[in-house]
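A.B. asks: Following this message is one structure expressed as C-alpha cells.
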Amino acid sequence: MQDRDINSDHGLPRDLAPDRMCIGDIASGMGDSASPRLLLVASTGGHLEQLHRWYGASTASNESMWITFPNAQSRSLLSGRPVIYIDDIGPRQGGRALLASTTFNRVIGREKFDGVVSSGAAIAVPAFLTARMHGLQTRYVESVSRVDGPSLTGRIVSRSRLATSLWTQHAGWSGGRWSFNGNVLGNYRAVRVARDEGKPPLRVFVSLGTIKNYRFDSLVDRLLEISKDRSVDFFWQLGSTDRDGLPGMARPYLPAQEFDRLAKTADVVVSHSGVGSVLRLLDLGVSPVLVPRRTGRGEHVDDHQEQISRVVSSAGLGVSAEVEDLEFENLEESAEVRVEPAGGMHTRIRRQVGE
C-alpha cells in the first residue's frame, strides 16, 4: 500500500488553496435590508449541511425560514430555527417536487422574504418557480460534490432561468452565469498521530448516509470480508441498507449529536462519499475512509460521489477507495491521521445554531 502524502502542495485542488477559503455571502444583493430575510430550501443530507454553512457565514436575518424534510439531521441542525417540513422528495422525483408548489405558494404568499436560496436538490425547482411568480430573487448554490459541472437540478434552474443567480463551489467550471464564491470544504490540514499498539479492538464507525431507497450492500460485504479474523468493534449507521446479523451494533439513522459522538470516539470512520457526511467528519477532526456509491450497482442516481471523494483524497484529508479496492490497511492508515482546521472559511462563521 502506498503511503498517503499528508498536506503536500501537489495535487491540492485549486479551489482549496488558502486564499480561496472565504465563502461568499448568500444574502448579498437580496433586497434592501442589511440583514435580508431569506427562505432557505434544501433536501436533507449534504444539501442541508452545506446550506446551513453558507447561512452561518452570511448576513441573512435570524428570522430567515427553512423548508426541508423531517429527519434526525434536520431536527437537530435546525433546532430553534423557523422551519417548515414537507414530504421527502427523492432523486429524480420531478412530479413529486412539483406537488410541493402548494406549500411554497402558501408560505411565500403569506410571509415577506427578500429572496430564496437553495442548494438543491429537486426541491429547488418548485421553490424557485413559486418565488419567481411572486417576483422574488433566487440564488442556487451548487453542491461542492459537483467538481466537474452542475447537477441535473443545477442545469434545470439555469436553463429555465428559474435561478436569477448561480453559484459554483469550483472555479474550474465557473463562467457564463455561474460564478465562483468559495468552497465549504474549508481549509483543513491533516496531522499524523500515533495509535497505541496495545489498544483494544479497532473501533470502526461505518456511515452509509441517509439517502432513501438506495442500498450500499457492496460496502457492507467488503468490510465484512476484509475484517474477517481481525479484531474489530463495529458500529453501523445503515440508512436504507437494512441488514441482520451484523457484528457490533447497528441503527438505520442517528441524531446529529450521536453521529458526532460515535465519529469522535471511533478509531476509524468508513463512510459513503456523501458531502454532508464528509463535511461533518472533517469538522470533527476525522480523516475518513471514503467509498463512493456507484450507479452501476444501483447505489445512487449518478456517480457524483466519486468527485468529492477525489477532492478530499487529493488534499490529503482522507483515504478514497472503490469498494473492490478497499483493504484493511486503509482502515489502519486512517486510524493514524487526524484533521485540524487551518483558518479560512471557519473564520467567517459568525452565527451558529443555539447562539
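The values are calculated or read from the model by the stated rules, or taken from the named source; none is laboratory data. For clarity, every value in this text was computed on a predicted model and none was experimentally measured. Note that we place each Cβ from the backbone using ideal geometry, even for glycine, and neighbour counts take in every protein chain shown. Areas reflect the complete protein model, heavy atoms only, side chains present, ligands, DNA and RNA absent. Shrake-Rupley method; radii C 1.70, N 1.55, O 1.52, S 1.80 Å.
A.B. asks: Taking the residues in the stretch 264-290 that are under 12 Å from GLY209 (Cα atoms) and among the hydroxyl-bearing types (Ser, Thr, Tyr) as candidates, determine which candidate is modelled with the highest pLDDT.
C.D. replies: SER271
A.B. asks: Quick check on my filter: what residues within the stretch 282-297 are polar (S, T, N, Q) and not in a helix (DSSP H, G or I)?
C.D. replies: Looking only at the stretch 282-297, we keep the residues that are polar (S, T, N, Q), and these are 287, 295.
Listed by number, the list holds a single entry, SER287.
A.B. asks: Here is a follow-up. In the stretch 153-184, what count of residues is obtained for those that are in contact (Cβ under 8 Å) with a residue 60 or more places away in the chain and out of contact with any Asp or Glu (no Cβ under 8 Å at 6 or more places or on another chain)? Before you say what the answer is, go through the steps one by one.
C.D. replies: So in the stretch 153-184, the residues in contact (Cβ under 8 Å) with a residue 60 or more places away in the chain come out as 165, 167, 169-172, 180-184.
This time we only want the ones that are out of contact with any Asp or Glu (no Cβ under 8 Å at 6 or more places or on another chain), so: 165, 181-182, 184.
Residues flagged as in contact (Cβ under 8 Å) with a residue 60 or more places away in the chain and out of contact with any Asp or Glu (no Cβ under 8 Å at 6 or more places or on another chain) within the stretch 153-184 amount to 4.
A.B. asks: Further question on the same structure: For the stretch 44-61, how many residues are open to solvent by 20 Å² or more (accessible area, probe 1.4 Å) and either of a type in the set (Asp, Glu) or not in a loop (DSSP other than H, G, I, E, B) (or both)?
C.D. replies: 2
A.B. asks: State yes or no: is ARG293 at pLDDT 90 or above, open to solvent by 30 Å² or more (accessible area, probe 1.4 Å) and not small (Gly, Ala, Ser)?
C.D. replies: In short, no.
A.B. asks: Sort out which residues of the stretch 263-281 are closer than 30 Å to GLN169 by Cα and in a loop (DSSP other than H, G, I, E, B), and write them in order of number. Steps first, please.
C.D. replies: To start, the set of residues in the stretch 263-281 that are closer than 30 Å to GLN169 by Cα comprises 263-264, 268-281.
Result: SER273, GLY274.
A.B. asks: Restricting attention to the stretch 109-123, does a residue exist that is more than 22 Å from the chain's Cα centre (by Cα) and assigned to a helix (DSSP H, G or I)? Walk me through it before giving the result.
C.D. replies: Here is the first cut: in the stretch 109-123, the residues more than 22 Å from the chain's Cα centre (by Cα) are 109-115.
From what's left, assigned to a helix (DSSP H, G or I): 109-110.
Checked the stretch 109-123: at least one residue is more than 22 Å from the chain's Cα centre (by Cα) and assigned to a helix (DSSP H, G or I).
A.B. asks: Looking at the stretch 157-203 only, could you name the residues that are touching a His at 6+ places or on another chain (Cβ under 8 Å) and among the charged types (D, E, K, R)?
C.D. replies: If we filter the stretch 157-203 for residues that are touching a His at 6+ places or on another chain (Cβ under 8 Å), which is where we start, we get 180, 183, 186-187.
Across the stretch 157-203, there are no qualifying residues.
A.B. asks: Just name the residue that is nearest to THR138 (Cα to Cα) out of those in the stretch 97-123 that are of a type in the set (S, T, N, Q) and surrounded by 17 or more Cβ atoms within 10 Å (Cβ to Cβ). Give the steps one after another, and end with the answer.
C.D. replies: We begin by selecting, within the stretch 97-123, every residue of a type in the set (S, T, N, Q); these are 101-103, 105, 118-119.
Add one more test, that the residue is surrounded by 17 or more Cβ atoms within 10 Å (Cβ to Cβ), and what stays is 103, 118-119.
Details: THR103: 17, SER118: 8, SER119: 11 Å.
Checked the stretch 97-123; the qualifying residue nearest to THR138 (Cα to Cα) is SER118.
A.B. asks: Look through ALA127, ALA163 and report the one residue that is of a type in the set (A, V, I, L, M), at pLDDT 90 or above, part of a loop (DSSP other than H, G, I, E, B) and farther than 30 Å from PRO247 by Cα.
C.D. replies: Numbers: ALA127 fails: part of a loop (DSSP other than H, G, I, E, B).
None of the others qualify; the one that does is ALA163.
A.B. asks: Would you confirm whether any residue within the stretch 135-145 is out of contact with any helix residue (DSSP H, G or I) (no Cβ under 9 Å at 6 or more places or on another chain) and either open to solvent by less than 10 Å² (accessible area, probe 1.4 Å) or not in a loop (DSSP other than H, G, I, E, B) (or both)? If you could, list the steps in order and put the result at the bottom.
C.D. replies: Residues of the stretch 135-145 out of contact with any helix residue (DSSP H, G or I) (no Cβ under 9 Å at 6 or more places or on another chain): 135, 139.
Right, trim to either open to solvent by less than 10 Å² (accessible area, probe 1.4 Å) or not in a loop (DSSP other than H, G, I, E, B) (or both) and you get 139.
Checked against the condition, which is being out of contact with any helix residue (DSSP H, G or I) (no Cβ under 9 Å at 6 or more places or on another chain) and either open to solvent by less than 10 Å² (accessible area, probe 1.4 Å) or not in a loop (DSSP other than H, G, I, E, B) (or both), the stretch 135-145 yields at least one hit.
A.B. asks: Which of the numbered conditions does ASP325 fail, given that it passes all the others? Conditions: (1) open to solvent by 30 Å² or more (accessible area, probe 1.4 Å); (2) over 17 Å from PHE216 (Cβ atoms).
C.D. replies: That leaves (2) as the condition not met.
For every residue, the table says whether it meets (1) touching a residue at least 60 places away in the same chain (Cβ under 8 Å); (2) within 17 Å of the chain's Cα centre (by Cα).
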position: GLY274; (1), (2): yes, yes
position: LEU282; (1), (2): yes, yes
position: ARG297; (1), (2): yes, no
position: VAL301; (1), (2): yes, yes
position: GLU306; (1), (2): no, yes
position: VAL312; (1), (2): yes, yes
position: VAL323; (1), (2): yes, no
position: GLU329; (1), (2): yes, no
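A.B. asks: If I go through the stretch 156-172 residue by residue, how many of them are of a type in the set (Gly, Ala, Ser) and in contact with a helix residue (DSSP H, G or I) (Cβ under 8 Å, 6 or more places away or on another chain)? Reasoning before the result, please.
C.D. replies: Just the residues of the stretch 156-172 that are of a type in the set (Gly, Ala, Ser), to begin with: 158, 160, 163, 165, 171-172.
Still in the list and also in contact with a helix residue (DSSP H, G or I) (Cβ under 8 Å, 6 or more places away or on another chain): 163, 171-172.
Count: 3.
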